[in-house]
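What follows is a single structure, written as structure tokens, with notes after it.
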Amino acid sequence: MDAIRKVGVLGCGLMGSGIAEACATAGYATVVRELTDELSARGRASIEKSLGRAVERGKRTAEERDAALRRLSFATRLEDLRDCDLIIEAVVEELKTKVEMFQALDAITPPRTLFASNTSSISITEMAAATRRADRMLGLHFFNPVPVMKLVEVIRTVLTSEETFETAMAFVRSLGKDPVVCRDTPGFLANRLLVPYLLDSIRALESGVATVTDLDKTMVLGCGHPMGPFTLADFVGIDTLYRIAEVMYNEFRDPRYAAPPLLKQMVLAGYVGKKTGKGFYDYSGEAPVPTRLGL
């Protein structure tokens, strides 16, 4: 299989912009596809801000920042990804949308192009089976914030070829990341362990065991976690957590993965975490304070 030289990224939201930054800083020509020029501009601004912080902290030089930005280009047409060696999907967490994207790309890209999804819970096999290159598709699940987090889950399906797998592993390492390998199972590795912990924390809150603040403090000061479950849930996104829990519960029918009523209520209320300014904490002031949740 040919070496990867040019990478396409579908979506430039929180995860897509981070993936694009990681690819560009690692030396890859990177083209990012968004739906509109406005969204592209917003994504580029996010990447510029992230790289600027890295320079301020001494993690990168100004020259490295400028070189990474030169490697980045943006597009609104899928056709502009046709000459990419690897395309990483980071769009909305909906199977139908992802399948449509991959089927469209399958029709316009050469057979050598590898496909990867950054999904945190949706079946890679189901997406791959909808294309004509199931052997050249796998999951590459990055963690937020992508430029900082070292872990990437490499999800290998029963259809993924050995050549595709080895190429993907080498690519992940070339980004300065540390890959772990797992089968195509709901939640993969991290979320299979993390989601029950977060859901149990919400159940403890619902039942009045303790407050948001004290539950968070317990896991930070008592267990050495870098952040408590509610701070983490806000960072991940309450809506994202809810979708992952639904996928895992529908697959396993295990009560551990069933979303607590409070989680659904928060999604309906628009309290989806830090990205919207309110989740388990309200971020509108100088310091986060617990949100009144009617408990």
Quiz item: Looking at the stretch 110-119, is at least one residue assigned to a helix (DSSP H, G or I), basic (Lys, Arg) and touching a residue at least 40 places away in the same chain (Cβ under 8 Å)?
Solution: no
Quiz item: If we scan the stretch 1-20, do we find a residue that is among the charged types (D, E, K, R), touching a Leu at 6+ places or on another chain (Cβ under 6 Å) and either closer than 24 Å to residue 133 by Cβ or modelled with pLDDT of 95 or more (or both)?
Solution: no
Quiz item: Hey, among 132, 44, which residue is surrounded by 13 or more Cβ atoms within 10 Å (Cβ to Cβ), modelled with pLDDT of 95 or more and not aromatic (Phe, Trp, Tyr)?
Solution: 44
Self-check item: The lone exception for residue 162 - which of (1) modelled with pLDDT of 95 or more; (2) under 24 Å from residue 251 (Cβ atoms); (3) of a type outside the set (Ser, Thr, Tyr) it fails
Solution: (2)
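For every residue, the table says whether it meets (1) buried (at least 18 other Cβ atoms within 10 Å of the Cβ); (2) at pLDDT below 95.
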{"residue": "261", "(1), (2)": "no, no"}
{"residue": "271", "(1), (2)": "yes, no"}
{"residue": "276", "(1), (2)": "no, yes"}
{"residue": "279", "(1), (2)": "yes, no"}
{"residue": "286", "(1), (2)": "no, yes"}
{"residue": "293", "(1), (2)": "no, yes"}
Exercise. Name the helices (runs of 4 or more DSSP H) wholly inside the stretch 132-228 in which the number of residues that are more than 19 Å from the chain's Cα centre (by Cα) and not assigned by TED's automatic domain parsing to the domain that holds residue 262 is 3 or more.
Key: 162-174
Quiz item: With 29, 68, 22 as the choices, which residue is crowded, with 23+ Cβ neighbours inside 10 Å, farther than 28 Å from residue 276 by Cβ and touching a residue at least 24 places away in the same chain (Cβ under 8 Å)?
Solution: 68
Self-check item: Residues located in the stretch 48-98, provided they are in contact with a helix residue (DSSP H, G or I) (Cβ under 6 Å, 6 or more places away or on another chain), among the acidic types (Asp, Glu) and under 15 Å from residue 24 (Cβ atoms)
Solution: none
Quiz item: If you go through the stretch 22-38 one residue at a time, do you hit one that is at pLDDT 95 or above, assigned to a helix (DSSP H, G or I), aliphatic (A, V, I, L, M) and under 22 Å from residue 173 (Cα atoms)?
Solution: yes
Quiz item: Considering only residues of the stretch 168-206 that are modelled with pLDDT of 95 or more, surrounded by fewer than 19 Cβ atoms within 10 Å (Cβ to Cβ) and among the hydroxyl-bearing types (Ser, Thr, Tyr), which is nearest to residue 120 (Cα to Cα)?
Solution: 197
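The values are calculated or read from the model by the stated rules, or taken from the named source; none is laboratory data. Keep in mind that what you see is a predicted model, and the values were worked out from it rather than measured. Positions of Cβ are backbone-derived with ideal geometry, glycine not excepted, and every protein chain shown enters the neighbour counts.
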